[in-house]
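The values are calculated or read from the model by the stated rules, or taken from the named source; none is laboratory data. Worth saying up front: this structure is predicted, and the values here are computed from it rather than measured. Positions of Cβ are generated from backbone atoms using ideal geometry, with glycine treated the same way; all protein chains shown enter the neighbour counts. The area values use the complete protein model at the heavy-atom level, side chains included, leaving out ligands, DNA and RNA. Shrake-Rupley method; radii C 1.70, N 1.55, O 1.52, S 1.80 Å.
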Amino acid sequence: MTLQLSNTLTRSVEEFRPLEPGKVSIYCCGVTVYDLCHLGHARSYINWDVLRRYLIWSGYAVTFVQNYTDIDDKILGRAAEEGTSMEAVSERNIEAFVADMARLNILPADRMPRATQSLGAIRALIQVLEAKGAAYLADGDVYFAVMKHAGYGKLSGRDLAEQHDNASGRVASEEEARKQHPFDFALWKGAKPGEPSFESPWGPGRPGWHIECSAMVREELGDTIDIHLGGADLVFPHHENEIAQSEAATGKELAHYWLHNGMVNVGGEKMSKSLGNFTTIRALLDSGVSPMTLRLFVLQAHYRKPLDFTAEALEAAATGWKGLNAALGLASPAAPGTTGASTEGASITPALVAGDPSDLPKELAEARARFVAAMDDDLNTSAALAVLFELAKPLRGLANRLERGDAAAAVEATSAALRGQGALLLELAGVLGLKQEALAGAPPQEAQGGLSDAAIDALVEERRAAKASRDFARADQIRADLKAQGIELVDKPGGVTEWLR
RNA sequence: GGCGGCAUGGCCAAGUGGUAAGGCAGAGGAUUGCAAAUCCUUUACCCCCAGUUCGAAUCUGGGUGCCGCCUCCA
């Protein structure tokens, strides 16, 4: 089987066939950089990161372009609030975006154009639309005429005539009054007094929201690309308008495959700024949730379905990740049993380069095939993860025994079969962007008045003595006291007690 | 109102015609003075009704509930 993707444009699942054999061009709608990213963004970009990794792993040469919208009313609003400039707000949030994505192990896009740096392409595209009669000028604004474009509404399944009736009673703002059709949208907005503006044939102003993506796609990737990505909330009007602009200008199909991810919900409702129910990526990660826990949480659901964000579900993911992480740690090239040295997960290689699957033992080949079948089925990461968990199971137990100093486990860990299983686990986890993490959480507490090693050792010794005299009440008391301070005692064979902070 | 999507065990979530993956939580057992970890075992008539079929969670029709988009939004 080959990769099947559900295409919003055709409302069906289709076999993926690239325009050019072996190559894939992808454009992903990025963020408007007026604020920090929240979990909705995290989900979206984690999903698309997995798509990208899977394509690369499958042997495709992938070109991935993602934009920054750095011209926008909200950015202007922030700048006004702060008494700074649009550039300052954008710059700060772009930096934050890069940092947040890196923490989530999301591969940086090959190119990340910004609206402010794409003005030439934007103006050129608007001029083409004007020349073709698809755009009209009204009071310093330039609008796209949706009625002139046959096929408007094909992505979102909207019927212009019907929508016209429904919209006829809607608010007639100043801007609405200028439009020939309520769905007409601004390609260029004339500057209002005091606003930052850019020069154009239509006077000073700035581009409308949708045009930048059309311009960037064309400039970076060409008239027609393989895959266009974004959140489900962008289907209308953003992507619909993008299609209309691009296709009116070029006469060619903008993208063959349109993929949309489902929303992150809180209490059954979409996470959004306006509802105030959002959690930023960094707030969550800084609260002690590990990046890979978040990744696992996201990947346990299918990317198109809504994903409910709850503390319980996240906790379940955290526990699940703990086990996977332990197995990954054992499988990593770094010496088994060590807590540090996270693997370099930022790179991914095509499977054929990494190793010939036909060399795998039958059982592992079968596991790998199940993983591939799951991913080919419209990126069924949930089913793919099941394969990882199964591969991880024996390694996980072993890792735990190793950590506790089990000598027999150390011998088992060197077995060829387990090492092969570990290598496959590591490879497949990499496709999902999951990489081993150093023990998460546990901020160094000794600095803030925690017990010193010597004090702990003394208590451990006291407990040993208590046990020897069968004073279990006292022994348990010491265990409980230490646990309250985040120190875990582990009794090992031979009366030896180790502790973990 | 228009368009689209979803309803599977305590929770999350796969499965799209042949009697239900996986994760978390729970239960029982082994082990342990206790605990942790580990190992074994174990927990579902798939929202309701009707239909098609030898056979349906899976197809068809109807119903109920929930969500998204139609304004900025990943």
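How big is the dipole moment of chain A about its Cα centre under a simple scheme where the beta carbon of each Lys and Arg is +1, that of each Asp and Glu is -1, and everything else is neutral? Debye, nearest 20, please.
On the way: 50 positive and 67 negative charges, 175 e Å.
That gives a dipole near 840 debye.
Which pairs break 25 Å Cα to Cα here: A:LYS467/A:LYS492; A:LYS154/A:LYS192; A:LYS74/A:LYS252? Please report the intermediate quantities before stating the final value.
Numbers: A:LYS467/A:LYS492 14 Å; A:LYS154/A:LYS192 34 Å; A:LYS74/A:LYS252 33 Å.
Violating the 25 Å Cα-Cα cut-off are A:LYS154/A:LYS192; A:LYS74/A:LYS252.
Which part of the stretch A:178-219 falls in the paramagnetic zone of A:MET147, meaning amide N under 18 Å from the point 7 Å along Cα-to-beta-carbon?
A:178-187
Where both partners of a DSSP beta bridge lie in chain A, what percent of those bridges are antiparallel, to the nearest 5? Don't jump to the answer; show the numbers that get you there.
On the way: 24 of 45 bridges.
Approximately 55 percent, going by the DSSP bridge assignments.
Compute the orientation-averaged projected area for the stretch A:288-431 from the convex hull of its Cα atoms and round it to one decimal in nm².
Values: hull surface 36.8 nm².
Answer in nm², one decimal: 9.2.
For A:ASP356, tell me the accessible area in Å² from a 1.4 Å probe, rounded to the nearest 10.
Only protein atoms counted, so the area is about 80 Å².
With a 1.4 Å probe and every protein chain kept in, tell me what percent of the accessible surface of chain A is carbon plus sulfur.
On the way: 12110 of 22590 Å².
Answer for chain A: carbon and sulfur cover 54 percent of the accessible area.
I'd like to check one number: the per residue accessible area of the stretch A:446-500, probe 1.4 Å, reported in Å² as a whole number. Display every interim value, and only then the final one.
Values: 3510 Å² over 55 residues.
Result: 64 Å² per residue.
Can you pull the one-decimal nm distance between simple spin-label points at A:ALA61 and A:GLN300, each 7 Å off the Cα toward Cβ?
4.0
If you bin every alpha carbon distance in the stretch A:261-303 into 5 Å steps from zero, what whole percent lands in each bin?
P(r) for the stretch A:261-303, in whole percents per bin: 5, 20, 23, 29, 20, 3.
Give the share of C-alpha pairs in each 20 angstrom bin for chain A, from 0 to the last occupied bin, in whole percents, shortest bins first.
20, 46, 25, 9, 1
By a straight-distance test (C-alpha under 20 Å), which aspartates and glutamates pair with A:LYS362 as possible cross-link partners, with residues fewer than eight away in the same chain excluded?
Once the sequence-local aspartates and glutamates are set aside, what remains near A:LYS362 is A:GLU390, A:GLU427.
With the dipole of the stretch A:17-269 worked out from charges on the C-beta (+1 for Lys and Arg, -1 for Asp and Glu) around the Cα centre, which of A:TYR34, A:PRO21, A:LEU55 lies farthest toward the positive end?
Of the options given, the answer is A:PRO21.
Projected onto the charge dipole of the stretch A:446-500 (+1 at Lys/Arg Cβ, -1 at Asp/Glu Cβ, origin at the Cα centre), which of A:ALA475, A:THR497, A:VAL460 gives the Cα projection farthest towards the positive end?
A:ALA475
Which of the DSSP-defined H helices in chain A satisfy a minimum axial length of 27 Å, computed from C-alpha atoms, and a minimum mean Kyte-Doolittle hydropathy of -1.0?
A:311-331, A:381-403
For labels at A:ALA455 and A:GLN477 in the simple 7 Å Cα→Cβ model, what's the distance in nm?
That separation, rounded to one decimal, is 1.8 nm.
Please compute one quarter of the surface area of the Cα convex hull for the stretch A:446-500 and express it in square nanometres. Write out the running numbers ahead of the final one.
Values: hull surface 14.4 nm².
The Cα convex hull of the stretch A:446-500, projected and averaged over all directions, gives 3.6 nm².
Name the residues of the stretch A:257-280 whose amide N is less than 18 Å from a point 7 angstrom out from the Cα of A:VAL13 along the C-beta direction?
Answer for this model: A:257-262.
Hey, what D do you get for the stretch A:17-269 in µm²/s if you plug the Kirkwood alpha-carbon radius into Stokes-Einstein at 25 °C and 0.890 mPa s?
On the way: Rh = 19.1 Å.
Translational D for this selection: 128 µm²/s.
For chain A, with the dipole built from +1 on Lys and Arg beta-carbon atoms and -1 on Asp and Glu ones, taken about the Cα centre, which of A:GLY320, A:ALA191, A:LEU155 lies farthest toward the positive end?
A:GLY320
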